[in-house]
Each structure stands twice: as structure tokens, then as C-alpha cells.
Amino acid sequence: MSAAMPSMIAGRSTRMEVLELIRRKGSASAEAIASDLGVTPNAIRQHLTNLERDGFVVSHPERRARGRPSLLFSLTERAHSVFPRRYGQLATMVLQEVQELSGPEALDEIFSRVAARHADVIGREIDGLDFDQKLRRVVAWIGRAGTLAEQTEVEEGVRITIHNCPFRNTALKFPQVCTITPQLISRLLDTAVSQADSIHRRDPYCSFVVQRPEVAGGSGSPRGTPL
């Protein structure tokens, strides 16, 4: 049974039922899982085989004083990712407390430091490349976070559009979140970056205009709000 086509128990995925049960118990045998779910042990063993193959569970023998050892199954770190998470909610609560304790300037400093820290790491990977090579690498790096980042040539320079913001809920409350990407790009490419669109302003996406080196020192400036 593949992950794309799970069998169902009362409208729910058997695979998910198995994972939830193992999570509650810490570890469990195929027989124990089958008994709790009302499914045959052979059916559960097939699910466990597939889950182990896909990296969601690991098996290890149960230590017994007597009798044949039984295999126990426990979750891997990958399996924990399928359960609900509230990282965004926690981040929003923490940022709210920081803002109330130290003011919005503290948030500005925090996100500036975040951008600087990432720039230090990425900078070592793109050192020695020309502007366009660096830009492509940076956009690809940003895209690894699931941002659906896209770059297009525009009159003012290069527009980078973030079609999917992984931090959307937090960014809607704290505009400082939207400054990480342009600050990062500016540091890595050593050029001016301005924000043209922002989900914080209820635009459908965030976009930034990156000035090419020959334009950055000129009189023209890109549309958008300079950072």
C-alpha cells in the first residue's frame, strides 16, 4: 500500500491510525496494533513494512525472558512531521512578547541579525561568482524553503517574486518578517533591494526589485518601498 493510496478505517487512513497508535504507546508490535485497531495482524504487518520502507517507522526486537522475540515498531523523526505543528503560532506569540517588552526596534534588530547570519553562511558558497551566478544561487536557496521563488528581468533590474510565504501568518502580524529576504539579497549581492509587493500590505505575494550593479549607483531607483 503506497502513501498516495492508503486504505481507510472509518474514513481515516490506516497508515495514520497506525502512526498515531505507535505515538501514543511509544512502541508497539503488529499484534498489539492489530488488536487495538480491529484489523488482522497480516494487514498491519503490510502497513508496517511499507511505513518502514518509507522511513516512518523502525523496528527492533522486544526483549523477552522466554519465548520467541516480537518486533516492536517506533516512530522515526520523519514520522513526527506528519502530525500537526503550531510553530507559526508559537513564533507569533514570542514576537508579540518581544515587541511589548522591547519595542518594534528590537524586532528590526532580530530580523536584521537573522539575515546577516544566513548571509554569512550562503556567502561562502557563492564567493567568486559573478552577479548573475550569485543571484541564481540565492534565488534557488530561497526556493528550497518552498517559497516558489521566481526571478524576472524588469526595467529597474531583476524582480524576485515569492509566490508562497512559509511564514505567512506571522508576516501578516509582523512586517519585519518580510525584511529578511531583501536584507539577505542585499548583503549577498552588495546592491540595493527594494520591496515592491508585500503580503503584509495584503498583496497576493511578496516581490523585490534587485538593482544590477551598473544601475545601483545611478540616479534611477526602482519602484517600491526602499528598505
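Of note:
- Of THR147, THR76, all but one fail to be β-branched (Val, Ile, Thr) and in contact with a His (Cβ under 9 Å, 6 or more places away or on another chain); the exception is THR147.
- The listed residues are ARG187, ARG144, ARG168, and the only one of them that is out of contact with any Lys or Arg (no Cβ under 8 Å at 6 or more places or on another chain), at pLDDT 90 or above, over 17 Å from VAL210 (Cα atoms) and not hydrophobic (A, V, I, L, M, F, W, C) turns out to be ARG144.
- Within the stretch 130-165, the residues that satisfy the criterion of being surrounded by 13 or more Cβ atoms within 10 Å (Cβ to Cβ), more than 16 Å from the chain's Cα centre (by Cα) and not in a strand (DSSP E or B) are PHE131, LYS134, LEU135, ARG136, ARG137, VAL138, GLU156.
- When the residues of the stretch 47-56 are filtered to those that are in a helix (DSSP H, G or I) and more than 14 Å from LEU71 (Cβ to Cβ), the one that is farthest from the chain's Cα centre (by Cα) is ASN50.
- Looking at LEU75, LEU107, just one residue is closer than 13 Å to THR170 by Cβ and surrounded by 15 or more Cβ atoms within 10 Å (Cβ to Cβ), and that residue is LEU107.
- Any hit, the stretch 171-178, residues being closer than 21 Å to ARG136 by Cβ and at pLDDT 90 or above: no
- Only one entry in ALA43, ALA91, ALA79 is assigned to a helix (DSSP H, G or I), small (Gly, Ala, Ser) and without any contact (Cβ under 8 Å) to a residue 40 or more places away in the chain, namely ALA43.
The values are calculated or read from the model by the stated rules, or taken from the named source; none is laboratory data. If you're wondering where the values come from, they're calculated on a predicted model, not measured in any experiment. Here Cβ is always computed from backbone atoms with ideal geometry, including for glycine, and neighbour counts include all displayed protein chains.
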